Structure formats: C-alpha cells, structure tokens
Amino acid sequence: MKLVKQWNSWLSGLMQPPLYLLVLRLTTILLLLHGIDHWLWTMLPEKLLAAAMLLYSPLVRQRWIWLAMSLCLVFNNLWHWSNLVNHEYLYTYWVLVCTLAIWSSTPKQVLRWNARWLIGLCFLFATLWKFLGGEYLDGSFLHLTFLLDSRLAMGAVLFGGLDLTTLADNRQLFETMQASAAVMDPQQLATTPRMAVVSLVLSYWTILIEGLVAASFLLTVPRWLYQKRDWLLFIFVTTTYAVIPVLGFGALLMVMGLIQTKSSFIARLYLGLLILMPLWMPLPQAIFWLIQKIFFSA
Amino acid sequence: MILKYSLLKFLKTGAIPLLLTTVALRQIVLVHTVGLSPWHGGGFGMFASIDRDERRVVTTQLIDCSHTHDFVLSQILTDSPDVLSAHAYTHISTFPTQSQLRRTGRRLLSTDAQNPIAELHSQNQDKNCDSKLALQPWRLSYDGRVITYEPLTDRVEVQP
C-alpha cells in the first residue's frame with residue numbers, strides 16, 4: 001500500500017503543471033526511440049534533434065526546434081510513404097500537433113483536442129478496414145496470423161491447442177512456397193477446429209473494442225460512452241498489446257491519452273501504464289516462452 | 001481579421017485530423033485500384049488483411065520464341081543485389097503499379113545488369129529471337145484450410 005502511495009506521488013510529481021511540457025518531453029523520448037529496430041539514415045536528423053531536446057531541456061519549449069522536427073518527419077513520411085506502417089504516420093501527425101501547440105497561446109488545449117481526434121480517427125479507420133478487407137468477418141485473417149506469425153505463437157498454443165512444432169512446420173511450408181514463387185500450388189496448413197473458432201471470436205472482439213474506442217473518442221453522445229473512453233482504450237491496449245506487443249503504437253496512444261483526459265487519476269493511469277510498458281507488455285510472452293523452455297523443451 | 005482567426009482556428013483544431021483522414025482515404029483508394037498493400041500507406045489497415053507486402057510474390061517469366069522460363073525474382077535479387085536494391089523490391093511488392101513493374105522489367109532485361117534474365121535475353125538476341133519479360137504481383141489468400149496465391153493485377157509484358 002505504501003509502495004502504491006509512493007508510486008502515485010511520484011507520478012503526481014511528474015505531472016506538475018504545465019502538463020503539456022511533460023507531454024512534449026515524453027513525445028521527444030518516443031521520437032528518439034521509435035524506429036531504431038528498422039534504422040534508416042534519413043532518420044538521423046530527427047534523432048539528433050530529439051537527443052538535443054532531451055539533453056538540454058529548455059529546447060523543448062523552442063518553436064523552431066519543433067518546426068524542424070516536423071519537417072524531418074514529414075520528409076521521411078513522404079520519402080518512405082509506402083514502407084511506413086500506421087503508427088509511423090501517427091507519429092508524424094502528432095509531431096505536427098506538438099508544433100502547432102508550441103506556436104499557439106493555448107498549447108494544452110491544442111494538444112488535448114487533437115489527441116482525442118487522432119485517437120478516434122485512427123481507430124475509426126482501423127475498424128473500417130476490418131469490414132473492407134472481409135478477412136476479419138470470417139475470421140480468416142486472425143486464423144492465418146495465428147498459424148504463420150511467430151509473435152502470435154503464444155495465442156495459437158494457449159487458445160488454439162496447437163504445438164510449436166506444428167506452427168514451425170506451417171511457417172516452413174509457407175516460406176518454401178513463397179521462396180520458390182510457387183503461386184499455382186496451394187498448400188494445406190495444419191490447424192485445429194478450436195483455432196478457427198477462437199480466431200472468429202477474437203476477430204469480432206477486436207471489431208467491437210476498436211469500434212467502441214472510435215465512437216467514444218469521436219462522439220460526445222451518448223454521454224456515458226464518451227465518459228468511458230479512457231477505460232475502453234485501456235482495455236484495448238492491455239488486451240491487444242499483451243498478445244501482440246507493439247511498443248511504439250501503444251506508447252504513443254498513452255501519451256495522447258494522457259493529455260486528452262481531464263481526470264488527474266486517469267492521467268496518472270496513462271502515465272503509469274506508459275512508464276511500465278517495457279515491463280508489462282512483453283511479460284505474458286516472456287512467461288510463455290519460459291514455461292515452454294522449462295517444461296516442453298525436451 | 002476574421003479570415004486570419006478562422007484560419008488559425010482551423011490549423012489548431014481541424015488541419016491534422018483532416019490530414020489523417022485525407023491520407024487514409026487515399027490509401028483505401030490506392031489499395032482498391034492499384035494493389036497497394038493494406039498494411040502500408042497510412043490507412044490504418046494493419047492487422048486487418050492477410051495481404052501483407054512481405055507475403056507477396058512478384059513472378060517473372062521470360063518468354064522467347066519457343067519457351068517460357070520462370071525466374072524467382074527474390075533469388076535474383078539475393079544473388080545480384082546490384083540489379084535492384086532490397087528497398088526498391090519492397091516498394092514494388094507493396095505498391096506494384098504497372099509503371100513500377102515496367103521499370104523493374106526493363107532493368108532486369110538491361111544488358112548492363114548482370115543477372116540470369118539479362119543473360120538469357122542476350123543469348124536470345126544473338127539467335128535473332130526477341131524475348132519479352134512478364135511480371136505479375138500475387139497476394140496470399142487463405143480459406144481456413146489452404147493457402148494459395150491470387151493475382152493482384154494483370155501481368156505486365158516488357159521489352160527493352
């Protein structure tokens with residue numbers, strides 16, 4: 001209990017006004033760290049700017065630095081547009097928002113308004129895509145992802161009753177098919193009826209939670225849904241990223257969530273989840289692989 | 001004054017959400033017209049479609065006077081990295097427009113590019129046989145049991 005109190009008071013200390021400065025600093029940390037797993041030399045200027053802002057904190061308040069950062073991210077976005085994934089676009093939008101905020105006389109309001117809209121819109125398009133593709137409605141997308149994506153091996157074993165050898169065989173089958181460009185030879189993957197059912201259920205769960213996050217952030221009516229928006233986002237982040245850890249996206253959602261809420265308790269939750277993300281996000285996977293290693297490696 | 005105020009208000013509240021929406025709508029159009037991978041392009045289509053660019057295949061066939069020779073493009077790029085960079089191949093797989101495929105085909109047929117396709121094409125020319133290269137992008141598909149490939153767009157035939 002004492003530990004929780006100390007944790008809360010430490011978080012409250014971090015959130016001393018002006019809150020927007022904390023958000024700008026957190027954004028700078030994310031900018032420094034994001035994308036280092038797929039390094040491109042065109043990212044160097046933005047990393048140098050982010051490092052400078054962290055090492056010399058008054059720079060975070062400098063308007064021209066944020067403008068330069070925006071230009072770097074927009075340039076990278078235009079140059080690599082077809083290679084970048086969703087959250088890399090979201091980083092660019094968010095840095096543009098930070099730039100507008102720092103140039104405005106009401107930075108907190110600018111950040112708050114845009115954070116809510118950006119979260120709502122990205123979940124709206126994510127939900128829309130689940131319907132457009134059609135592979136979510138019949139569960140086939142998640143079914144195949146469980147069978148081929150090693151990041152979802154934990155889910156395939158725990159929910160689908162598959163074993164790691166079968167999953168490795170499936171991946172090998174697909175990799176051979178792709179490497180030989182054998183487009184005219186269909187291949188049968190090993191699966192279980194349970195995996196198909198679980199995939200379908202999880203597909204509809206994903207559509208439901210993403211749709212609810214979108215509606216609650218974009219609409220102010222019904223009021224009860226709007227007021228529960230932060231909890232819906234927490235449910236999405238914890239249930240999704242514990243299975244598929246996407247640190248960059250999760251962290252940015254927490255930073256945007258932090259500034260758009262008016263409740264200091266919920267803001268502390270956002271900040272706490274963000275700070276502990278490197279621990280809780282990979283934890284379920286780590287436990288799973290440890291159990292596999294200890295009990296099933298023989 | 002009113003115009004300046006409205007513009008400032010739009011910049012602070014509407015510009016970035018509008019930018020996100022415009023880019024996302026553009027991505028949806030490109031996916032459904034020219035075969036852009038739903039995973040890329042800023043439309044938030046990740047984890048919504050099997051059609052991920054890493055799982056795509058671009059088939060290459062050299063058609064000469066009497067035979068059709070199949071080549072595995074990814075293998076050629078591994079063996080002869082000078083022909084096409086990994087970045088360029090990823091771009092072609094992700095966004096396989098007709099013009100991108102034509103450009104790649106011409107590069108593969110070019111005599112200054114050392115690769116098996118260019119060599120065979122050169123041999124055919126020596127025999128007075130004009131060969132052409134056909135490229136076609138394919139996407140992965142799954143019906144709950146079997147994985148198969150489906151053509152993304154019509155095949156493109158290229159001559160130097």
Among the residues of the stretch A:197-214 satisfying the criterion of being of a type outside the set (S, T, N, Q) and touching a helix residue (DSSP H, G or I) at 6+ places or on another chain (Cβ under 6 Å), which is nearest to A:Leu124 (Cα to Cα)?
A:Ala214
Going by what's in this entry, would B:Asp53 be described as within 14 Å of chain A (Cβ to nearest Cβ), crowded, with 21+ Cβ neighbours inside 10 Å and without any contact (Cβ under 8 Å) to a residue 60 or more places away in the chain?
yes
Taking helices (runs of 4 or more DSSP H) that fall entirely within the stretch A:181-298, which contain at least 3 residues that are at pLDDT below 90, out of contact with any strand residue (DSSP E or B) (no Cβ under 7 Å at 6 or more places or on another chain) and surrounded by fewer than 19 Cβ atoms within 10 Å (Cβ to Cβ)?
A:283-291
Where residues in the stretch B:125-145 are within 28 Å of B:Ser85 (Cβ to Cβ) and surrounded by fewer than 19 Cβ atoms within 10 Å (Cβ to Cβ), which of them is farthest from the other protein chains (Cβ to nearest Cβ)?
B:Gln125
Take the stretch A:27-62 and flag every residue that is within 15 Å of A:Thr99 (Cα to Cα) and open to solvent by less than 20 Å² (accessible area, probe 1.4 Å).
A:Thr27, A:Thr28, A:Leu31, A:Glu46, A:Ala50, A:Met53, A:Val60
Which number in (1) aliphatic (A, V, I, L, M); (2) in contact with a Ser or Thr (Cβ under 7 Å, 6 or more places away or on another chain); (3) open to solvent by less than 30 Å² (accessible area, probe 1.4 Å) marks the one condition that B:Leu101 misses?
(2)
For helices (runs of 4 or more DSSP H) lying entirely in the stretch B:53-145, having 2 or more residues that are within 30 Å of A:Leu147 (Cα to Cα) picks out B:73-79, B:86-94
A:Gly160 is checked against (1) modelled with pLDDT under 95; (2) assigned to a helix (DSSP H, G or I) and fails just one. What number does that condition carry?
(2)
Collect the residues in the stretch B:146-160 that are in a loop (DSSP other than H, G, I, E, B), open to solvent by 30 Å² or more (accessible area, probe 1.4 Å) and of a type outside the set (Asp, Glu), keeping them in residue-number order.
B:Leu152, B:Arg155, B:Gln159, B:Pro160
B:Leu20 being under 13 Å from the mean Cα position of the chain (by Cα) and either free of Cβ contacts under 8 Å to residues at least 12 places away in the same chain or open to solvent by less than 10 Å² (accessible area, probe 1.4 Å) (or both):
no
Quick one: in the stretch A:81-112, of everything that is under 15 Å from B:Leu19 (Cα atoms) and either aromatic (Phe, Trp, Tyr) or in contact with a strand residue (DSSP E or B) (Cβ under 7 Å, 6 or more places away or on another chain) (or both), which residue is modelled with the lowest pLDDT?
A:Trp81
Under the condition of being under 10 Å from the mean Cα position of the chain (by Cα) and surrounded by fewer than 16 Cβ atoms within 10 Å (Cβ to Cβ), which residue from the stretch B:70-98 is modelled with the lowest pLDDT?
B:Ala88
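The values are calculated or read from the model by the stated rules, or taken from the named source; none is laboratory data. None of the values given here were measured: they were computed from a predicted structure. Virtual Cβ from ideal backbone geometry, glycine too; neighbours counted across all protein chains shown. Quick note on the areas: whole protein, heavy atoms, side chains included, nothing else; ligands and nucleic acids left out. Shrake-Rupley method; radii C 1.70, N 1.55, O 1.52, S 1.80 Å.
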